[in-house]
Structures are given as structure tokens and as C-alpha cells.
Amino acid sequence: MYLHEIEFTSNIYNSFTDFNSSYNHFVDITKNSPDLTNPKHIKALLRWLNQWGCRQFALNYHSQVSSNLEKWYKKNINYLPSKNKNIWELKESDYNLVATAFNSLTKIVAAVKLRDGKYIKTTVGPTGTSKIFFALRPKSLIPLDIPMRKKFGYDGGPTSYIKYLKQVKDIVIDLDKQCRLNGFGIEDLPSKIGRKGITIPALIDEHHWVTITNNTKPPDKDTLKRWIKWKYPKSKNNIWGKITSYLTYNKKLNLLSSSDSSQIFNVVEIAEDYIKIEFQETKTTLKIDKQRFLSAYRMLEENKGNWVPIGASRVNTKINTLEGRIKLDFNNKLNGLSTVSWIASILEKAFDNIRFNYKNKGQALKMI
């Protein structure tokens, strides 16, 4: 497995599925520290599993399976690696404990369904177990679905799951060598490919889901070289194309802030002349027209090398700010809806030559 293959599958994963949005909701509810003694956490887990294709967790049986999972969790959580341990740090003692926990979780009843007048019990099973393991320990454990098991010649037992963990560990160790040849470590890989916050097992799982479960192969090195050599007509301005291309693969973003915590928003629609975002807390949406982005970008371009104040204000907006330029270009008024906070965040992330003054007082952008 090569770095360019990881980046390729990472980029197209979101275009195949909306799984990440449902997983991100689970992470938000659990604060990235799931506890299956917490009813809200179990509810979020089951919702995510249903959205992730686990049909064994029938909606009308969620109450009973929640109780079953809580009992399993209390008895087995200490068998799983510590939540900060990475997959490449697993040892034989970890594998033995994981195998025990895996074996017990697969047998738990997930639902009882009536078919042809008979009640049939459905268990969590190996695929469901591996996904729950990933939910609980995303840095060290990884999902394993049926097509992947068939590809690698594994059955649904705990021994096969441990073999898969060891196989993935070897892949990660090799990827780490490739990373270090390029001046960084495996722990920095997600941020290097624009997926900051995702774990290494998640990247490997996305790769296997794209290439094995969906049989889509990344381009080889010769193909990449050919792509790079293609010549294209010069375009005067492809600002909007770069913005929408970036947003296609990065649908969950945060506002620019000098603090560690900032407001999260989701991109829920991308059109030819606008985007629509959703505020994570209130779930309300905001439509932002293409022209507003172009106005902000052009002001930065005209003032290249200098800091330009963002100037987020609904009323009495100053002319020399990005918000002022947006409003004047859009409807020639300095009062009205303020959109620059989200526009600034997207521009800073979509363009490598646009900077935000994280360390200085007063919010501003600069094009270098």
C-alpha cells in the first residue's frame, strides 16, 4: 500500500458514501469518549451502526440490545486496548484480550425477528463486533466486513480478527517508513492529506472499503505521471472550482479562531452558484452565494501580502474589511446578513496561499 493510494481512496471515500457524517455525529454525541453505560452513547452507537449498513440491529429491538451491550461493556471494556494506544503499538498481550472480547460480543443477541411465524435471533456477529470495536477504540481497532474477510481468506472468528489486526499493523509500519522518507511520521499522515482528526485505522479501512468492498483501484504511478503531464487551456479564474472541489471532500469545517474550540458547521449542499451550510448546534442552514466568495477572494488578491480585516458585522460594516467588500459587491449596502466568518474559514482552508492571523489580535486574512 502506497501513500498516493491512501490519499486517493481518502479523497473519493466521501463521494461514495455519507458514512463519515453519521460517524461524526456519533463522535459529537460521545465527545470522542464513548461509554456504553450511558444510554445516549448506546443510542448514538446503534444509530450509527444502522446507518453504516448493520441491518442486524433492528429498530424495534434497540431497547433490548442496548441492555445487552451495556452488560457486555461492563464485563469486557478492560479487555480492549487503552483509548490512546495506536494500532502499531499493540502487543501479543493486547491481542489475547481483544480475542476474548471479540468472541463474547459476536454472540450477543442484536434482534429477534418474526419470520414465517417463527422468532429468529440475530446476533451482533463478526462484522458488527469489529465496527463496535472501532467505535470504542478508533486508534487501535478496525472494522472488518464480509468482502474484506473473503479477500484475505479470513472467517468470522476471533483468531481471524487478530490476524487482520496484525496485517494492518504491518501495513501501517510500512506506511510509516514511506512517511519518514517524506519528512513526517505516520501520526501526521491524516493532516498531510487534508483529513486532520481521522485515525490511521480509519484511513486503512476506507482504503479497503473503496478497493475491496467496492472494487475501485487507485491509479498506479505511471498513470499519475501521465495525469500530471496533461496540458490544459489557461483559465483566468477558477476560484469557485477550487472552493467547491475542496468542499466536496471536506464537508465538516470549523470557524477560524485563535482558541482550540470553535464553532463547527457542515456543508450540506454544493451548487453551481451557491453553497449551503448547516450550523452543528442549531441545525439551521445558511445559503452563501458564489459572488460573495469571489468578492472576498479578489479583495485579498488586490491586497496581496497585506493583512485584510475580516470585519464580521451585521450592521455598520466597515468598507476596508472583507465583509464590507462582500456587501458592497453583492447589493451595495453595508448593513445586512453577515457571511464572512464562514467564507473566510473556507477560503483559508481551500487555498494554500491564504493565511489567518491565529497568533495576533483582531481577525484578518492575507494572501501570500
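Throughout, read-outs are computed from the coordinates displayed, never taken from laboratory work. Source: prediction; values computed, not measured. Cβ: placed from backbone, ideal geometry, glycine included. Neighbour counts: every protein chain shown.
What the table shows:
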{"read-out": "FRET efficiency, 1/(1 + (r/R0)^6) with R0 45 Å, evaluated for SER22 and ASN306 via beta carbons", "value": "0.60"}
{"read-out": "Net length gained if the chain between TYR249 and GLU272 were fully extended (0.36 nm per residue, minus Cα distance)", "value": "6.6 nm"}
{"read-out": "Gained length - ASN38 relative to SER82, 0.36 nm times residue gap less alpha-carbon distance", "value": "14.0 nm"}
{"read-out": "Karplus-derived 3J(HN,Hα), 6.51/-1.76/1.60, for each residue of the stretch 119-127, Hz, glycine and proline x", "value": "8, 10, 8, 10, 8, 4, x, x, 5"}
{"read-out": "Qualifying chymotrypsin sites (Phe, Trp or Tyr not before Pro) for the stretch 106-178 [loop in DSSP, other Cβ within 10 Å: at most 12]", "value": "none"}
{"read-out": "Among the listed pairs LYS283/LYS333; LYS85/LYS166; LYS75/LYS150; LYS196/LYS221, those beyond 23 Å (Cα-Cα)", "value": "LYS283/LYS333; LYS75/LYS150; LYS196/LYS221"}
{"read-out": "Across LYS231/LYS287; LYS131/LYS192; LYS43/LYS217, pairs whose alpha-carbon gap is larger than 30 Å", "value": "LYS231/LYS287; LYS43/LYS217"}
{"read-out": "Percent RCO, i.e. relative contact order, over the chain, from Cα pairs under 8 Å lying at least 6 residues apart", "value": "11 percent"}
{"read-out": "Cα-based radius of gyration of the stretch 239-367 once divided by 2.2 N^0.38 Å, which approximates compact folds", "value": "0.98"}
{"read-out": "Residues HIS207, HIS4, sorted so that the one with the fewest Cβ neighbours within 10 Å comes first", "value": "HIS4, HIS207"}
{"read-out": "Integer Hz, Karplus 6.51/-1.76/1.60 couplings in order for the stretch 170-185, x for Gly and Pro", "value": "5, 4, 5, 4, 5, 4, 4, 5, 5, 4, 5, 5, 9, x, 8, x"}
{"read-out": "Residue among GLY156, PHE184, ILE108 farthest towards the positive dipole end of the chain, charges placed on Cβ", "value": "ILE108"}
{"read-out": "Size of charge dipole - the stretch 3-213 - debye, nearest 20, with Cβ of Lys, Arg +1 and Asp, Glu -1, no other charges", "value": "780 debye"}
{"read-out": "Whether the stretch 130-178 is rounded, prolate or oblate, judged on the alpha carbon gyration tensor where a/c under 1.5 counts as rounded", "value": "oblate"}
{"read-out": "Tilt relative to the chain, helix 340-350 - C-alpha long axis, 0 to 90 degrees, to 10", "value": "70 degrees"}
{"read-out": "Where Rh is the Kirkwood radius over Cα pairs, Rg/Rh for the stretch 5-114", "value": "1.00"}
{"read-out": "Qualifying trypsin sites (Lys or Arg not before Pro) for the stretch 1-61 [loop in DSSP, other Cβ within 10 Å: at most 10]", "value": "LYS31"}
{"read-out": "Reported label for calculated Cα Rg over 2.2 N^0.38 Å given (i) 1.31; (ii) 1.09; (iii) 1.15", "value": "(iii)"}
{"read-out": "Footprinting exposure proxy for PHE265, PHE279 (fewest neighbouring C-beta atoms within 10 Å first)", "value": "PHE279, PHE265"}
{"read-out": "Sites matching chymotrypsin sites (Phe, Trp or Tyr not before Pro) across the stretch 289-368 that sit in DSSP coil, with at most 12 neighbouring C-beta atoms within 10 Å", "value": "TYR358"}
{"read-out": "Listed peptides 320-327, 101-108 by packing density, highest first (mean Cβ within 10 Å)", "value": "320-327, 101-108"}
{"read-out": "Other-chain or far-sequence residues with amide H under 5 Å of LYS85's (modelled H)", "value": "none"}
